[in-house]
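Here the structure is laid out as structure tokens; the discussion comes afterwards.
The values are calculated or read from the model by the stated rules, or taken from the named source; none is laboratory data. Since we're looking at a predicted model, the values are computed, not measured. Cβ: placed from backbone, ideal geometry, glycine included. Neighbour counts: every protein chain shown. In case anyone asks, the SASA skips ligands and DNA or RNA and just uses the protein heavy atoms, side chains included. Shrake-Rupley method; radii C 1.70, N 1.55, O 1.52, S 1.80 Å.
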Amino acid sequence: NAGVMQNPRHLVRRRGQEARLRCSPMKGHSHVYWYRQLPEEGLKFMVYLQKENIIDESGMPKERFSAEFPKEGPSILRIQQVVRGDSAAYFCASSPPTVPGRPQHFGDGTRLSIL
Amino acid sequence: AQTVTQSQPEMSVQEAETVTLSCTYDTSESDYYLFWYKQPPSRQMILVIRQEAYKQQNATENRFSVNFQKAAKSFSLKISDSQLGDAAMYFCALHTGANSKLTFGKGITLSVRP
């Protein structure tokens, strides 16, 4: 499967635990985006990364949330000390560089449930 | 700042009929791109169609076409010969050259009646 791979598909955490969401972009894509979808809502941008760089994190909550895209390995969205309000579907998308208006290809998402 | 508005939360269409989903947007950029994404119950995000703002010709992909009215900042999606598999949420999205994020509307739930 050459698409964007996200895992896990479903993640259950108790309040106060940490959640780690992983995203492997499509082959040849060096740009990764994370979006959050609350129930009955559209997707909201969180962060845009290139390899080893955070380009735009204007949509990230100031506390408890962090993202990285290391030189090797998948992009990670990390949520510390989760709360009930973090329950949502988290989508990763990737795109190739240097193509204006390049469509973003999405993974299947990770559904995070907080008990 | 960019905004995307989908004012109809739900629509219904009879199988084999045609339906149009509305979307308006706002941006101060002159270079931008518009997309429609489909999200079926499986929750995948599937790209349906893409439109470059500098192109006057409306994009078409098989049964899907758009009516792009740049002056009115309107970008509607027309689905012809609707099929049961078209039932899903549809999101309109805006991408500008100034930043790389997509700005999504709230979506519209389309149901298809057999």
Checklist entry - Among (1) open to solvent by less than 40 Å² (accessible area, probe 1.4 Å); (2) within 30 Å of residue B:10 (Cβ to Cβ); (3) over 11 Å from the mean Cα position of the chain (by Cα), which single condition is residue A:102 missing? => result (2)
Checklist entry - residue B:43 is checked against (1) of a type outside the set (A, V, I, L, M, F, W, C); (2) touching an Asp or Glu at 6+ places or on another chain (Cβ under 6 Å); (3) on the phi > 0 side of the Ramachandran plot and fails just one. What number does that condition carry? => result (2)
Checklist entry - Which of the following residues is surrounded by 20 or more Cβ atoms within 10 Å (Cβ to Cβ), free of Cβ contacts under 8 Å to residues at least 40 places away in the same chain, part of a strand (DSSP E or B) and aliphatic (A, V, I, L, M): A:77, A:49? => result A:49
Next on the checklist: Suppose we filter B:41, B:9 for residues that are closer than 16 Å to residue A:42 by Cα, open to solvent by 50 Å² or more (accessible area, probe 1.4 Å) and more than 10 Å from chain A (Cβ to nearest Cβ); which single one remains?
Outcome noted: B:41
Next on the checklist: Let me spell it out: the conditions are (1) in contact with a strand residue (DSSP E or B) (Cβ under 6 Å, 6 or more places away or on another chain); (2) free of Cβ contacts under 8 Å to residues at least 60 places away in the same chain; (3) over 20 Å from residue B:44 (Cβ atoms); (4) not in a loop (DSSP other than H, G, I, E, B), and residue A:85 meets all of them except one. Which number is the exception?
Outcome noted: (1)
Checklist outcome for this item: Here the residues within segment B:44-72 that are closer than 25 Å to residue A:41 by Cα, in a loop (DSSP other than H, G, I, E, B) and open to solvent by less than 60 Å² (accessible area, probe 1.4 Å) are B:45
Next on the checklist: residue B:91 - would you say it is part of a strand (DSSP E or B), within 13 Å of chain A (Cβ to nearest Cβ) and either among the aromatic types (Phe, Trp, Tyr) or surrounded by 14 or more Cβ atoms within 10 Å (Cβ to Cβ) (or both)?
Outcome noted: yes
